[in-house]
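Okay, structure first, notes after.
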Amino acid sequence: MTRTSVRPRSTVRALALGALVLGLAAGCGADSGSDEAPAVEGPGASEQEDAGTTADDDTASEGDASDDGAASDDGGEAPGVGAAALPADADLATEQLPITAEKAVEIGLGAAGGGELVQIEIDHDDDVWEWELEIVDGGRQHDLDIDATSGEVTEHDQDDDDDQDPAVDVTSPMPYAEAIEIALGKEQGRVSGWDLSSDDGRIHYTIDIDRSGDDDVEVEVDVETGEVRVDD
């Protein structure tokens with residue numbers, strides 16, 4: 001004969017109520033922890049940190065490069081500054097002065113406030129290569145000395161001008177390089193200086209040539225005809 005046991009209803013209700021309380025308590029614990037994301041452990045976190053550090057380093061490097069570039073732009077020297085001076089025995093046929101004839105004329109006209117060039121000469125004097133210019137502007141004559149290495153105007157004298165000397169041009173109708181070439185075709189040696197001026201309305205170059213044996217000669221070249229005349 002099988003015996004069946006029956007629990008009272010009050011006991012069943014008590015057990016169900018206890019289970020409900022335990023379930024609610026567990027749910028509240030889970031909700032209270034959901035506001036804070038769990039910490040990520042393992043290799044992934046390390047790689048993310050390394051990537052962030054690398055990006056910061058790259059940004060800093062780009063900033064440094066930009067700063068260096070700006071510094072280099074501002075640190076450049078003006079043209080002509082620091083140019084090496086030619087030695088006293090330089091050959092003007094093969095070597096170029098830091099301040100060319102064209103640049104010297106530009107500097108001279110700026111210092112005189114305009115006018116016309118009527119004479120220009122280059123030679124080595126007092127241990128320096130120097131341009132000597134004569135510029136006439138409205139009856140006023142300007143005599144200027146310009147350092148052929150730095151471009152500095154070392155002397156500027158003014159006086160009234162009653163002459164009617166024609167204007168000269170170191171580029172036309174005959175550039176000074178061509179005049180030097182013509183002169184060397186007549187007399188060989190070192191070109192130690194030259195002059196462009198006029199004589200009785202005739203414009204000509206005078207090329208100073210030092211021949212071997214400390215002998216020197218002047219060769220005149222007419223800018224219009226190319227005629228050559230040697231003056232020993």
Original post:
Quick check, is Ser197 under 24 Å from Ala112 (Cβ atoms) and either open to solvent by less than 50 Å² (accessible area, probe 1.4 Å) or under 33 Å from the mean Cα position of the chain (by Cα) (or both)?
Top reply: yes
Original post:
Only one of Glu121, Glu116, Glu102, Glu134 is open to solvent by 70 Å² or more (accessible area, probe 1.4 Å), touching a strand residue (DSSP E or B) at 6+ places or on another chain (Cβ under 9 Å) and closer than 16 Å to Val168 by Cα; which?
Top reply: Glu116
**OP:** Return yes or no: is Asp143 in contact with a Ser or Thr (Cβ under 7 Å, 6 or more places away or on another chain) and either surrounded by 16 or more Cβ atoms within 10 Å (Cβ to Cβ) or among the small types (Gly, Ala, Ser) (or both)?
**Re:** no
Original post:
How do the strands (runs of 3 or more DSSP E) wholly within the stretch 119-194 filter down when requiring 2 or more residues that are in contact with a Lys or Arg (Cβ under 8 Å, 6 or more places away or on another chain): which remain?
Top reply: 153-160
Subject >> Residue within the stretch 109-128 that is without any contact (Cβ under 8 Å) to a residue 24 or more places away in the chain and more than 27 Å from Arg211 (Cβ to Cβ) present >> reply: yes
**OP:** Give the stretch 84-99 a look and list any residue that's open to solvent by 70 Å² or more (accessible area, probe 1.4 Å), within 23 Å of Ala179 (Cα to Cα) and among the aliphatic types (A, V, I, L, M), or say none.
**Re:** none
Original post:
Listed residues Ala148, Ala111, Ala177, Ala183; which is buried (at least 18 other Cβ atoms within 10 Å of the Cβ) and within 20 Å of Ile99 (Cβ to Cβ)?
Top reply: Ala148
Subject >> Residue that is closer than 22 Å to Pro98 by Cα and open to solvent by 60 Å² or more (accessible area, probe 1.4 Å), where the choices are Asp160, Asp126, Asp165 >> reply: Asp126
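The values are calculated or read from the model by the stated rules, or taken from the named source; none is laboratory data. Please read all numbers here as calculations on a predicted model, not as lab measurements. No Cβ is skipped: glycine too gets one built from the backbone with ideal geometry, and neighbour counts run over all protein chains shown. The area values use the complete protein model at the heavy-atom level, side chains included, leaving out ligands, DNA and RNA. Shrake-Rupley method; radii C 1.70, N 1.55, O 1.52, S 1.80 Å.
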